[in-house]
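Asks: Can you read through this structure? Questions will come right after.
Just so you know, all these numbers are worked out from the coordinates, no wet-lab data involved. Note that the structure is predicted; figures quoted are calculated from it, not measured. Neighbour counts run over all protein chains shown; Cβ positions are idealised from the backbone, glycine included.
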Amino acid sequence: MALDIPSIPSRITARLDDRPVRKRIALVALATDHTSERDFARICDPDLVGVYVNRIGFENPTTKETLLRTGPRLTEAATQILPDEDVDVVAYACTAASIVLGNDAVTRHLNAAKPGTPCVTPSSAAFDAFRALGIKTVSVLTPYSADVTEELAQYFQANGPDVISASHFGLTDDRDMARISQDSIIDAGIAACDPKADALFISCTALRAATCVQRIEDRLGKPVVTSNQAMVWRCLRLVGFDDPVPGYGKLFEL
């Protein structure tokens, strides 16, 4: 039943802010991703930073071939995030894909949608984190197969710190990777870290590793960098926020 109440214009003229939120991060995630958005939500202050997400198709198992297929999907996905509006940074939340595609290729795909916008991937953010922390050598833990882990180690060796050891869980489905328990991540991270390594890197945006960082650092006595922790850190630094965030390791104290 319709109410017999007419709608009238407000006596108050709407005043428009420049933006609903000061800074905007565009995030492209895999369709199967359970973790990246949650880590951004944990760490970013929603009153200061808007994180706007779109997803691309991804077909398990996680292999070089399936990861390469994500590249051509990035431009359209980024285009659909706040169409015709600028964002302050655009990120692609897949470590393994950034490695098999190469960060330069990921940047080209994303900048085709958001020209001139700084681009971040978990691997590029990790390299920035290693430089900020003065890291020269790392041990690596991944949830991937041996083949994908070796791709990562070779990419790191060519573009970042020396990899002196690498361990993996041997999984091929990123939905299973998201189910690895935090106790398993902590115990495996400690076991994976060579005493000679300057730091431990835990790969994969699916892993619930960001919330484990502080506990692993407390036991190892050295920095721990994870895919999502580094990606969020780099995005926040690029948009101008550099306040410490407790609980996410030495990286967020810089």
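Asks: Can you work out the FRET efficiency for the pair residue 196 and residue 76, with r the C-beta to C-beta distance and R0 = 35 Å, to the nearest 0.05?
Replies: So the FRET efficiency works out to roughly 0.20.
Asks: Nearest 20 debye, what's the magnitude of the dipole of segment 1-75 about its Cα centre given +1 on Lys and Arg Cβ and -1 on Asp and Glu Cβ?
Replies: The calculation lands at about 220 debye.
Asks: Let me ask something additional. Mean separation of Cα pairs under 8 Å and 6+ residues apart, divided by the residue count of the chain: what relative contact order is that in percent?
Replies: Across the chain, relative contact order equals 20 percent.
Asks: Give, in nm to one decimal, the length gained when the segment between residue 176 and residue 10 is fully stretched (0.36 nm per residue of separation minus the Cα-Cα distance).
Replies: Stretched fully, the residue 176-residue 10 segment lengthens by 54.5 nm.
Asks: Tell me, what are the semi-axes, in whole angstrom and largest first, of the equivalent ellipsoid of the chain as set by the roots of 5 times the Cα gyration tensor eigenvalues?
Replies: Listed largest to smallest, the semi-axes of the chain are 35, 20, 18 Å.
Asks: If you don't mind, another one. Among 114/250; 23/222; 136/222, which pairs are too far apart, with a Cα-Cα distance over 22 Å?
Replies: Flagged as over cut-off: 114/250; 23/222.
Asks: Can you grab the distance from the C-alpha centre of segment 231-254 to the C-alpha centre of segment 172-225, Å, no decimals?
Replies: 18 Å
Asks: Moving on to the next point. What is the distance, in nm, between label points placed 7 Å from the Cα along the Cα-to-Cβ direction at residue 214 and at residue 150?
Replies: About 3.9 nm, to one decimal.
Asks: Next question, about the same structure. Could you please report the charge total around residue 34, scoring K, R as +1 and D, E as -1 over all other residues with beta-carbon less than 13 angstrom from its beta-carbon?
Replies: -1
Asks: While we're on this one: Extension gain residue 69-residue 105, at 0.36 nm per residue separation less the Cα-Cα distance, in nm?
Replies: Additional length available on full extension: 11.7 nm.
Asks: I would also like to ask the following. In segment 173-254, what is the volume of the convex hull around the alpha carbon atoms, normalised per residue and reported in Å³?
Replies: Roughly 90 Å³ of hull volume per residue.
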